[in-house]
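K.L.:
Following this message is one structure expressed as structure tokens.
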Amino acid sequence: MSDPGGWQGEIRQYPEEYSHLYLAIDGRLAAVICIEDPLREEAKASVEALRGAGISKIVMMTGDSERTAAAIARRVGVDEYYSEVLPEDKARFVEEEKAKGHKVIMIGDGINDAPVLSRADIGIAMGALGSDAAIEAADIVLMDDDPLKISKAIHISRKCIHIVYENIYFAIGIKVLFLLL
């Protein structure tokens, strides 16, 4: 499509957080439709809660455009973001991070997230809005769609592991004591 009226410069004025659809008639820009996928109120707090839970690197991967992804990433405070990502790109990213020796937690809810949820060290599906495929592939399913519960789930799982180790050490200690007696 040609740019006789300089419409490409005009496009930059539209809000970054929207996805844009362009309508051209006879090669001329006729309309721009801005589609908003509103950012959840608790998104930034969720990222901060994950940091508080000891997650050292938070990455956002989205199929949204670069402009939209950059605006959202700035607002929520992730360490890295990737835009216009396909499911196979997510899978490749997870495999690369695991090859580097990193533990990978993947959070998703869509049918396209299912293969990646199963490849991650820990896959977490958002159950209330999640697809059946994502729920089936995940290791953990949160039964509502509150992302703040992810950090709570991490805290609960760490507490459970701590209790398991305490019980093992206690059982071994008792057995050693009885053997010595």
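K.L.:
When 1/r is averaged over all different Cα pairs and the result inverted, which Kirkwood radius in Å belongs to region 23-181?
P.N.:
Details: mean 1/r = 0.0550 Å⁻¹.
For region 23-181, the Kirkwood estimate is 18.2 Å.
K.L.:
Could you sort 21-30, 109-118 so that the peptide with the highest average Cβ count within 10 Å comes first and the rest follow in order?
P.N.:
109-118, 21-30
K.L.:
With Cβ to Cβ distances under 15 Å as the rule, what net charge do the other residues near I154 carry (K, R +1; D, E -1)?
P.N.:
Net of charged neighbours comes to +3.
K.L.:
Over the chain, what is the percentage of antiparallel beta bridges among all DSSP beta bridges, to the nearest 5?
P.N.:
40
K.L.:
Cross-link candidates for K159: which aspartates and glutamates have Cα within less than 18 Å, leaving aside residues fewer than 8 places away along the same chain?
P.N.:
Hits, sequence-local ones excluded: D139.
K.L.:
From the phi angles alone, apply the Karplus equation (6.51, -1.76, 1.60; θ = phi - 60°) to region 96-102 and give each ³J(HN,Hα) in whole Hz, x where the residue is Gly or Pro.
P.N.:
5, 5, 5, 5, 7, x, 8
K.L.:
Pop out the carbon and sulfur fraction of the accessible area of the chain as a percent, whole number, probe 1.4 Å.
P.N.:
On the way: 6740 of 11780 Å².
Ligands and nucleic acids excluded, carbon and sulfur reach 57 percent.
K.L.:
Given an 8 Å cut-off on Cα distances and at least 6 residues of separation, report the relative contact order of the chain as a percent.
P.N.:
That works out to 14 percent.
K.L.:
Taking only Cα atoms, what is the 0 to 90° angle, nearest 10, from helix 43-52's long axis to the longest principal axis of the chain?
P.N.:
It is inclined by approximately 30 degrees.
K.L.:
What list of ³J(HN,Hα) values in whole Hz, one per residue of region 110-117 in order, does the Karplus curve 6.51 cos²θ - 1.76 cosθ + 1.60 (θ = phi - 60°) give from phi, with Gly and Pro shown as x?
P.N.:
x, 4, 6, 7, 4, x, 6, 4
K.L.:
With θ set to phi - 60° and the Karplus curve 6.51 cos²θ - 1.76 cosθ + 1.60, what are the ³J(HN,Hα) couplings of region 168-174 in order, to the nearest whole Hz, using x for Gly and Pro?
P.N.:
5, 4, 5, 5, 5, x, 5
K.L.:
For Y81, list long-range residues whose amide hydrogen, built 1.01 Å from N in the peptide plane, is under 5 Å from its own amide hydrogen.
P.N.:
The list, which skips near neighbours in sequence, is M60.
K.L.:
I would also like to ask the following. Counting Lys and Arg as +1 and Asp and Glu as -1, each charge on the Cβ, what is the dipole of region 28-140 about the Cα centre in debye, to the nearest 20?
P.N.:
So the dipole magnitude of region 28-140 works out to roughly 380 debye.
K.L.:
Let me ask something else. Give the accessible area for K159 in Å² (nearest 10); use a 1.4 Å probe, count only protein heavy atoms, and leave out ligands, DNA and RNA.
P.N.:
For K159, the solvent-accessible surface is approximately 110 Å².
K.L.:
Taking amide H atoms as placed 1.01 Å from N in the peptide plane, list the residues 5 or more away in sequence, or in a different chain, whose amide H sits under 5 Å from that of G127.
P.N.:
When sequence neighbours closer than 5 places are left aside, the close amide H contacts are L142, M143, D144.
The values are calculated or read from the model by the stated rules, or taken from the named source; none is laboratory data. All figures in this text were calculated on a predicted structure; none of them were measured in a lab. Methodologically, a virtual Cβ is constructed for each residue, glycine included, from the backbone with ideal geometry; neighbour enumeration extends over all protein chains shown. What goes into the accessible areas is simple: the full protein's heavy atoms, side chains included, and nothing from ligands, DNA or RNA. Shrake-Rupley method; radii C 1.70, N 1.55, O 1.52, S 1.80 Å.
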